[in-house]
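First up is the structure itself, then whatever we jot down about it.
Laboratory data are not the source of any read-out in this text; all were calculated from the coordinates shown. A quick note: this is a predicted structure, and the numbers were derived from the prediction, not measured. FYI the Cβ positions are ideal-geometry reconstructions off the backbone, even for glycines, and counts take in every protein chain you see.
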Amino acid sequence: MKYAVFTVALALAGCGGAGQSPGSAAPEPGPTASPAKAESVPQPVDLPNINPQPGPTAKAVQPIQHEPIMKPTKVAAAKIVKTEAEWRDTLTPEEYRILRQKGTERAFTGKYDNHFKDGTYICKACGTALFLSETKYNSGCGWPAFFKSIDSTVDETPDTSLGMVRIEITCKKCNGHLGHIFDDGPNPTGLRYCVNSASMDFVPAEKKPGAAK
Ligand SMILES: [Zn+2]
């Protein structure tokens, strides 16, 4: 718990006001402020003058979050934020139910399930290019399936609804619900991006810029 130790150290240094001392003494953060000490120390109060540590005051101790999946990816500049009323205005009821309320279209009913033309699948809500036709394959699962998304366009979040443990995929730009990702896809990724047709629109290759194939 280095972070906790630093926090305590900062608090102590801040109270003592010894922030400017250059810190020639060796900072030894280890035994100083372990809060869980329970061995024969009579008073449980944190002693303010146990070896005041001069050094790390100036360093900004900021909590670094490194959770690989649940990261709150704040790509603030790129996010599209609309009110629910605005989304209702721009989406059909079915699209709204799926994209904004995490619904699922019935299997084998989506317009892109058996759709294999050349082009780009974009987010129905915000227009972000999400999948290329060359990564689409027929999984037989009843929904459009891709083994790869376009880089940095899709967020993945654990989803334990319906008594299952799945990974939800959403549009990184507008947070629109796309579907789920499974690990039973083909090579080269072994992944299956299982996407609702209603979450996407299709731009044929002729209109796609740089569609050299
Ligand atoms: Zn989107």
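Packing, as the average of other Cβ atoms within 10 Å across residues, places the peptides 123-131, 93-101 in the order 123-131, 93-101, highest first. This ranking places V195, V81, V203 by how few other beta-carbon atoms lie within 10 Å of each, fewest first, which gives V81, V203, V195. Pairs spanning more than 19 Å between alpha-carbon atoms, out of K102/K136; K124/K173; K102/K172; K79/K172; K111/K136; K148/K173: K102/K136. In plain terms, the chain from T109 to E84 could stretch by 6.4 nm, reckoned as 0.36 nm per residue minus the Cα-Cα distance. Take the Cα radius of gyration of region 84-207 and divide it by 2.2 N^0.38 Å, N being the number of residues; the result is 0.98.
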